[in-house]
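Step one of this worksheet: look at the structure below.
The values are calculated or read from the model by the stated rules, or taken from the named source; none is laboratory data. Values in this document were obtained by computation on a predicted structure and should not be read as measured data. Please note: Cβ atoms are built from the backbone with ideal geometry, for glycine as well, and neighbour counts cover all protein chains shown. Surface accessibility is based on the protein's heavy atoms, side chains included, excluding ligands, DNA and RNA. Shrake-Rupley method; radii C 1.70, N 1.55, O 1.52, S 1.80 Å.
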Amino acid sequence: DQFRLLIESFPDSDLIPLAQRWIGDYFFNQGDHASALVAYGAVIKPSGNMSPHRARARLMMGRCCFHLKQYDAAVEHLAPLVRDADLIKQVLGNDFIAEVFLCQGDAQFEFARSKTPINTEVLRQANGAYTSVYAVHRPNRWEPLAWGRRGDLLYFEGEDYAEAISAYEEALRYESLSI
């Protein structure tokens, strides 16, 4: 309630986007992804450049949509971040943009799996998103997870189990991986 009071009392404050993101984070951490989506949407609603607050809110909107099983909406929210990845990476770093691609891959993978017949083109796009995490935007803390998710995707496709095993083995090579 203190953040809402801040927003109402000082609507022109530079801290409004941060307070609105914290409200979104509160709802997200409570598992109320629909309310979090609305709160994050208030951060990106004002027009303007892709500030760090807007970029982070957009990523979280994608994550909310994923949890709500709105996979196409998740990809849509992430699309501006993917499109401007090189510029955003200069400000927010490899970890942030790698998380964007990991979330994009997850949403595409689930979207493809939810269709009958399975959407192989979207599976290919998910594979590319996972690969970009460990091949393009490195180093970052998401690399082992991207390798594992790529292994899941390859296993799901069922065409090349040896390549899936190789991806899982690569994930396990990271020292920061704790089991």
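Once both labels are positioned 7 Å from their Cα atoms along Cα-to-Cβ, the gap between TYR174 and ASP160 label points is 2.1 nm. Can you give me the % of accessible surface on the chain that is carbon or sulfur? Probe 1.4 Å, all protein chains present, nothing else counted. Carbon and sulfur: 52 percent of the exposed surface of the chain.
So what's the angle, to the nearest 10 degrees on a 0 to 90 scale, between helix 85-113 and the longest Cα principal axis of the chain? The angle comes out near 60 degrees.
Summing charges over neighbours of LEU153, with a neighbour being any other residue whose Cβ is under 13 Å away from its Cβ, gives -3 when K and R count +1 and D and E count -1. Applying the Karplus relation 6.51 cos²θ - 1.76 cosθ + 1.60 with θ = phi - 60° to segment 69-74 yields 3J(HN,Hα) values of 6, 9, 5, 5, 5, 4 Hz, where x marks Gly and Pro.
Compactness ratio of segment 35-179: Cα Rg over 2.2 N^0.38 Å, N = residue count?
Working it through for segment 35-179, the quotient is 1.06.
Probing with 1.4 Å while keeping every protein chain in the model, the per residue accessible area of the chain equals 57 Å².
Give, rounded to the nearest 20 debye, the magnitude of the charge dipole that the chain has about its Cα centre when Lys and Arg contribute +1 at Cβ and Asp and Glu contribute -1 at Cβ. Before the final figure, lay out the partial values.
Details: 18 positive and 24 negative charges, 67 e Å.
Here the chain has a charge dipole of around 320 debye.
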